[in-house]
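Undergrad: I have a structure I would like to understand better, so I am pasting it below and will then ask my questions one at a time.
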Amino acid sequence: MLMSLVQELRAAAVYPELSGTRVLLSGLTSRCGVDIARAFAERSTRLVIRAAEESAAVDALAGYLAQYARELSLHTADDIEDADAAVSFAQGPAQKAFGGLENVVNLIEIHPADLTGRTSQRDLEDLVSEKLLAPTLATRVVANRMQLTLTPGSILHVVRAPEPDSQEQLMVLEIVRATLAAVVRAEARNWSGKGIRINAVAPATGLEAFEQTLLGEPDVAALALYLASAKGRDLTGHVFDTSNAGCR
């Protein structure tokens, strides 16, 4: 099933039902999330961007997105991994911009420095908390609002990481991926009865078949559209594999 899905994602898809829908993209930088933002904007969605940097490149990208999106609300944050800030944003600006959300994409970037020096159980737990707690708590806020307003929706976590260059780094990535998979399965079970689907994309760790792997951000963007569309409404609790390439 996954192989056929990957093949379908690489075909052109319009998804007219996405026009006018409300989408939150959190964690955008000038290197990460550009293709995903463009994919949703070019389907005439109402797009809320929570960018992880303030830069001329992000401003230029916002200008491009504004030409295609039905509406655009841009916010910048230097505390993208802070759980309290993520919850506050999900409760406030994310919901208020357009009166709610149907789709959320959380970009979770792992940097090369994150993969080194994690020598103890505490170090690994700290990394997992740094990367996954904020999007998990924000997901619960958004999903609860969807439930209260009887709004079916899709939430997708996208983990991007560099290619590991040692067994130690590979082990760290495997732990992050395994924890993400457990969180996604649990959250998907909790919300599936309300029409809310929760999925994720994470780096393949070497055991997955190449032809079943999403190759870079254009494929991830295509998956995000698919999951947000009518075609993806039966998919929840999955972690899809992507190549270990980090952001641009």
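Undergrad: Please tell me if Arg140 is within 22 Å of Ser229 (Cβ to Cβ) and among the charged types (D, E, K, R).
TA: Taking the combined requirement at face value, the residue does not satisfy it.
Undergrad: If I ask for residues that are aliphatic (A, V, I, L, M), part of a loop (DSSP other than H, G, I, E, B) and in contact with an Asp or Glu (Cβ under 9 Å, 6 or more places away or on another chain), which ones from the range 87-117 would you list?
TA: The one that is aliphatic (A, V, I, L, M), part of a loop (DSSP other than H, G, I, E, B) and in contact with an Asp or Glu (Cβ under 9 Å, 6 or more places away or on another chain): Ala97.
Undergrad: So, one more: Which of the residues belonging to the range 40-72 are in a helix (DSSP H, G or I) and either of a type in the set (D, E, K, R) or touching a His at 6+ places or on another chain (Cβ under 9 Å) (or both)?
TA: Within the range 40-72, Asp59 is the sole residue that qualifies.
Undergrad: Another one. Suppose we filter the range 199-219 for residues that are modelled with pLDDT of 85 or more, of a type in the set (D, E, K, R) and in contact with an Asp or Glu (Cβ under 6 Å, 6 or more places away or on another chain); how many remain?
TA: Final tally of qualifying residues: 1.
Undergrad: Can you tell me which residue is surrounded by the fewest Cβ atoms within 10 Å (Cβ to Cβ) among those in the range 169-181 that are among the hydrophobic types (A, V, I, L, M, F, W, C) and under 16 Å from the mean Cα position of the chain (by Cα)?
TA: Step by step, filter the range 169-181, then rank; the result is Ala181.
Undergrad: To continue, here is another question. Quick check on Arg31: is it crowded, with 21+ Cβ neighbours inside 10 Å, charged (D, E, K, R), under 18 Å from the mean Cα position of the chain (by Cα) and under 23 Å from Asp82 (Cα atoms)?
TA: Judged against the criteria, Arg31 is not a match.
Undergrad: Select from the range 90-115 the residues that are over 16 Å from the mean Cα position of the chain (by Cα) and surrounded by 14 or more Cβ atoms within 10 Å (Cβ to Cβ) and write down the one among them that is nearest to Ser229 (Cα to Cα).
TA: Gly100
Undergrad: Kindly evaluate Gln169 against the criterion of being in contact with a Leu (Cβ under 9 Å, 6 or more places away or on another chain), farther than 29 Å from Ser44 by Cβ and not charged (D, E, K, R).
TA: The answer is yes for Gln169.
Undergrad: If you don't mind, there's one more thing I want to ask. Has the range 188-198 got any residue that is modelled with pLDDT of 90 or more, under 16 Å from the mean Cα position of the chain (by Cα) and assigned to a helix (DSSP H, G or I)?
TA: Yes.
Undergrad: Looking only at the range 146-175, filter to residues that are in contact with a helix residue (DSSP H, G or I) (Cβ under 6 Å, 6 or more places away or on another chain) and in a helix (DSSP H, G or I); which one of those is farthest from Thr21 (Cα to Cα)?
TA: Selected residue: Gln169.
Undergrad: Among all residue pairs at least 6 apart or on different chains, which show Cβ distances below 9 Å where the first residue, located in the range 94-119, is over 24 Å from Leu74 (Cβ atoms) and modelled with pLDDT under 90 and the second is of a type in the set (Ser, Thr, Tyr) and surrounded by fewer than 20 Cβ atoms within 10 Å (Cβ to Cβ)?
TA: Leu115/Ser166; Thr116/Ser166
The values are calculated or read from the model by the stated rules, or taken from the named source; none is laboratory data. Computed from a predicted model, the values in this text were never measured in an experiment. In this analysis, Cβ positions are derived from the backbone assuming ideal geometry, glycine residues included, and neighbour counts consider all displayed protein chains.
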